[in-house]
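Have a look at the structure below before the remarks.
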Amino acid sequence: MKEIYDLLIIGAGPAGLAAAIEAAKHKISVLVLDEQSEAGGQIYRSIRTTQSLRPETYALLGPDYQHGENLEKTFREAGIEFLAGASVWQVEQDRALHFLRNGISQKVCYRRLLVATGALERPVPIPGWTLPGVMGAAAADVLLKSSGAVPSGKVVLAGSGPLLWLAASRLVSAEVEILAVLESTKYAYYLQALPYLPQALRAAEYLLKGLRLKRQIRRAGIPVFDGIRQLRAEGAQKLEAVHFDHRGQSKNFEAETLLIHEGIVPNTQLTRQLGCEHRWYERQRYWHPLLDEWGNSSVDGVAVAGDGGIVAGALIAEASGHLSALEAAFQLGAISKDHRDKAAKTYRKIIRHHQAVRPFLEQLFPPNPEILVPPEENTLVCRCEEVTAGQIIKAVELGAHDLSQLKAFTRCGMGPCQGRMCTLTVAEIAAKTQGKSPKEVGSFRGRPPLKPITLGQLANSTE
């Protein structure tokens, strides 16, 4: 490893891999860091191992997953420096980055930084969501990719969004016993999305894919309940039953596993620590870094590519990685402005095509209001510090009017996850309690260490 690189990329998902491949073409030095043991990110998790050691799982995961094979192979064959198992815990303003690998803290410097850390599954704080047996649908999908593991016993899926149906489809193909799919999407959302349908038809493959997934679920004989409300998980020591309301009637299923999903949101932990300007995205209720057309953030030398900038899917993430790398090559003097702009045309065309469907999907699948602000005050919101929705409301009433004050009053955001799991929910509760927008109450400020690190690991630093 060198002391300084032209381009340092954090994240080896589609955006990071594409950026590294593009940058290597222009002869600039590149280093890629990723927490996982293999390149691919979450969307292409363990793709090389799955293909070689679990071919039945590779086939089951289908073309969305298999698309990453050539990307990962091209990256590997390009000879780009890649450090797997590297957990970034601090980025400094003087363009130095600290990461933990094999229990040792290391430091590397860069001329330009590309944050390609992707997105997080939005937490769904319903009553009982901390019971063993309740987990995210995307998390279950990652387990399938990384180890071929699927839930045993009776399974219920609940929530909304394309990934919920994709996860259900894959579990059906894996012969998992699915009792039902509980969809929180309301009929009114279809009406909201309807004006965006003509534009979405320009990327009709997404709509056709969604119809195929739903048809597969129904052909498997799995009941689908739409417009469900008041979802809750119940059990003594583990999940025993899933309760919900459907069209005014209370229903329940006895189940061992509940997989819930209400979309994904950008992972902004690093960009917040770096001091990048962020913007509130009202339609999907999340914060994202403010970027220009090349992925440049408000901080000089720092760019963002992929879903860490704004959630748009793997193929747009891949194209955005190429654009960010072309910009890096231009800023470093490796290519001319004309070269950059000409090479970018192909990737901009790809982005325009795949973006055509995004407004339709975002109107059709907004996050469920009942998980943005849990209706039951005893619902746990901050798992690290065990803070409930009611305790957050009480703190606001006592004078904690923004998230910095709420952190001091309740310790929300001070646990090991640094607020990754609770920021959006805490902001929504605080905003509603005051009759404000989450934009007005802000977000938790990033602070090092971004990931837990011990004094012993710091003492063993190679810096």
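What to note about this one:
- A simple packing score, the average count of other Cβ atoms within 10 Å per residue, orders the peptides 174-180, 422-428, 17-23 as 17-23, 422-428, 174-180, with the highest score first.
- On Cα atoms only, tilt of 68-77 relative to the major axis of the chain in degrees: 20
- P(r) tail fraction, the chain - alpha-carbon pairs more than 41 Å apart, %: 16
- Look at the Cα gyration tensor of the range 107-230: its axes a ≥ b ≥ c give a/c of at least 1.5 with a/b at or below b/c, and that counts as oblate.
- Distant-in-sequence amide contacts of Arg112, defined by a placed amide H-H separation under 5 Å and a gap of 5 or more residues or a different chain, comprise Leu7, Leu8.
- Ligands, DNA and RNA left out, the 1.4 Å accessible surface of the range 120-230 is 60% carbon and sulfur atoms.
- In the context of the full set of protein chains, residues of the range 353-463 present 47 Å² of accessible surface per residue (probe radius 1.4 Å, heavy atoms only).
- In the range 191-342, the inverse of the mean reciprocal separation of distinct Cα atoms equals 19.7 Å; this is its Kirkwood hydrodynamic radius.
- Student exercise, the range 323-444 dipole from Lys, Arg, Asp, Glu Cβ charges, in Debye to nearest 20: 780
- Residues with amide H under 5 Å from that of Gln90, placed H, sequence gap 5 or more: His98, Leu450
- For the range 284-357: rounded, prolate or oblate by the Cα gyration tensor [a/c cutoff 1.5]: oblate
- Residue-wise HN-Hα couplings along the range 411-422, as the Karplus relation 6.51 cos²θ - 1.76 cosθ + 1.60 with θ = phi - 60° gives them from phi, are 6, 4, x, 9, x, x, 7, 6, x, 4, 8, 10 Hz; Gly and Pro carry x.
- Split the accessible area of the range 305-463 by element, probe 1.4 Å, and carbon with sulfur accounts for 52%.
- Charge dipole (Cα centre; +1 on Lys/Arg Cβ, -1 on Asp/Glu Cβ; no other charges) of the range 271-381 amounts to roughly 560 debye.
- Placed amide H near Arg279: partners under 5 Å, 5+ positions off or other chain: His288, Leu290
- Against the rule of thumb 2.2 N^0.38 Å, how large the Cα Rg of the range 284-326 comes out: 1.09
- For the residue pairs Lys407/Lys451; Lys25/Lys451; Lys2/Lys27, the C-alpha atoms sit more than 24 angstrom apart in Lys25/Lys451.
- Helix 162-173 and the long axis of the chain differ in direction by around 80°, with both axes built from C-alpha atoms.
- Shape category assigned to the range 16-128 from the gyration tensor of Cα positions, a/c cut at 1.5: oblate
- A simple charge model with +1 on the Cβ of Lys and Arg, -1 on the Cβ of Asp and Glu and nothing else charged puts the dipole of the chain at about 760 debye relative to its Cα centre.
- Cross-link reach is defined here as a Cα-Cα straight distance under 16 Å, omitting same-chain residues fewer than 8 places apart; for Lys432 the aspartates and glutamates meeting it are Glu282, Glu370, Glu376, Glu377, Glu397, Asp402, Glu440.
- Added length on full extension, which subtracts the Cα-Cα distance from 0.36 nm per residue, His353 to Lys436: 26.3 nm
- Cysteines in the chain that, by Cβ-Cβ distance, have no pairing candidate under 4.7 Å: Cys109, Cys276, Cys384, Cys417
- Note that the range 12-70 presents 39 Å² accessible area per residue, ligands and nucleic acids not counted, probe 1.4 Å.
- Within straight-line reach of Lys349, meaning a Cα separation under 19 Å, sit the following lysines at least 8 residues removed in sequence or on another chain: Lys337.
- Averaged over its residues, the range 162-311 has an accessible area of 48 Å² per residue, based on protein heavy atoms and a 1.4 Å probe.
- Most positive-pole-ward Cα, Gln237, Val108, Ile10, against dipole of the chain from beta carbon charges: Ile10
The values are calculated or read from the model by the stated rules, or taken from the named source; none is laboratory data. Note that the structure is predicted; figures quoted are calculated from it, not measured. Virtual Cβ from ideal backbone geometry, glycine too; neighbours counted across all protein chains shown. Protein only, heavy atoms only, side chains kept; ligands, DNA and RNA dropped before computing areas. Shrake-Rupley method; radii C 1.70, N 1.55, O 1.52, S 1.80 Å.
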